[in-house]
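The values are calculated or read from the model by the stated rules, or taken from the named source; none is laboratory data. If you're wondering where the values come from, they're calculated on a predicted model, not measured in any experiment. For neighbour counting, all protein chains shown are included, and Cβ atoms are generated from backbone atoms with ideal geometry for every residue, glycine included. All accessible areas refer to the heavy atoms of the entire protein, side chains included, with ligands and DNA or RNA removed. Shrake-Rupley method; radii C 1.70, N 1.55, O 1.52, S 1.80 Å.
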Amino acid sequence: MKIGVFDSGYGGLTILKEIKKRLPQYDYLYLGDNARNPYGSRSFELVYEFTLQAVKALFERGCHLVILACNTASAKALRSIQQNDLPHIDPNKRVLGVIRPTIEAIPHITLSRHVGVLATPGTVLSRSYSIELNKFAPDIKVTEHPCPMWVPIVENNEIGSPGADYFIKKEIDSIFNRDSKIDTLVLGCTHYPLLVDSIKKFVPESTKIICQGSLVAESLECYLARHADLQAQCSQGGSTKFLTTEHSNKFDSLASFFLDKTVESETINLSD
Ligand code: DGL
């Protein structure tokens, strides 16, 4: 049994990389729905439909545990899949998201208790971060801010270009204009760590930037330790396979660049 990692595109690779660093022994199957990306500006219904198709595809290919390495899917589809779909598909399979592990870390990081969340328009509209964080730490003021251009910048590998930096500065200026007391910025989209060098150019030096990968990896390790039956089913060959809904050549060249190692993917069709 492999561990499935799903994202709308390349962003989930930032999560996969950290998971593999912490838990290299397991077998992983990554799926990027690059052909239908970005999810961030799509309706609740469509993100749910696409995410469910992806989860089923990973289950069919031998995954018993799937990480939604995508905030938009975690915000818009995770709860419905966990509560309504899994009991019918297979109550022994599990789907986990990336928002909860991030929320749990935030109160330990911010000192000013003013936190900014940069995310896709879909995640911001769901208000998942402010609603969840309010349950853990009601004293924290959360400003959620949409960055609609940032995922296309990554998916089209415009990282570091003057055009990309213009859109990165624009959103950073705008979130600090909304709350100048922010001391912690959450990159609430798994694509954004790929932009972190540009982001750092435009934030005050003392700002703490939260990338989710290591938090999700740590949380997965704890989850498996708490669920010994599930952990026992995880095969330990240390392999990683890649699936994409785009042409594999296109995926392979960018994924190899982002992961700094050769990637050979297989193209699959999710809408069948
Ligand atoms: N990487 C995804 C996220 O964490 C979604 C990007 C998109 O498809 O808009 O939200």
No solvent, one uniform scatterer per C-alpha: report log10 I(q)/I(0) for segment 191-272 via the Debye equation at q = 0.20 1/Å, two decimals.
-1.08
Hey, if you put +1 on the Cβ of every Lys and Arg and -1 on every Asp and Glu Cβ in the chain, which of Tyr39, Ser126, Leu194 ends up farthest toward the positive end of that dipole?
Ser126
Extension gain Thr267-Gln231, at 0.36 nm per residue separation less the Cα-Cα distance, in nm?
10.1 nm
With the other protein chains left in place, how much accessible area per residue, in square angstrom, belongs to segment 95-243 at a 1.4 angstrom probe?
45
Per DSSP H run of n ≥ 4, the term is -39500 (n - 2.57); total these for the chain, divide by its residue number, and report the mean residue ellipticity at 222 nm rounded to 500 deg cm²/dmol.
-13500 deg cm²/dmol
Would you mind telling me the share, in percent, of accessible area of the chain contributed by carbon and sulfur at probe 1.4 angstrom?
50
Quick one: length gained pulling Gln83 to Glu104 fully straight, 0.36 nm per residue minus the C-alpha distance?
5.4 nm
Given points 7 Å out from each Cα along the Cα-Cβ axis, report the Leu46 to Asp197 separation in nanometres with one decimal.
3.3
Overall form of segment 11-111 per C-alpha gyration tensor (a/c, 1.5; a/b vs b/c)
rounded
Calculate the dipole size of the chain relative to its Cα centre from +1 charges on Lys and Arg beta carbons and -1 charges on Asp and Glu beta carbons; express the result in debye to the nearest 20.
500
Output ³J(HN,Hα) for segment 261-266: one whole-Hz value per residue in order, computed from phi by the Karplus curve 6.51 cos²θ - 1.76 cosθ + 1.60 with θ = phi - 60°, and x for Gly and Pro.
7, 5, 10, 10, 9, 10
Need the full-extension length gain, Ser253 to Tyr166, defined as separation in residues times 0.36 nm minus the C-alpha distance. One decimal, nm.
28.8 nm
Share of antiparallel DSSP beta bridges in the chain, in percent to the nearest 5?
0
Inter-label distance, nm, simple model (7 Å from Cα along the C-beta direction), Lys135/Met149
3.6
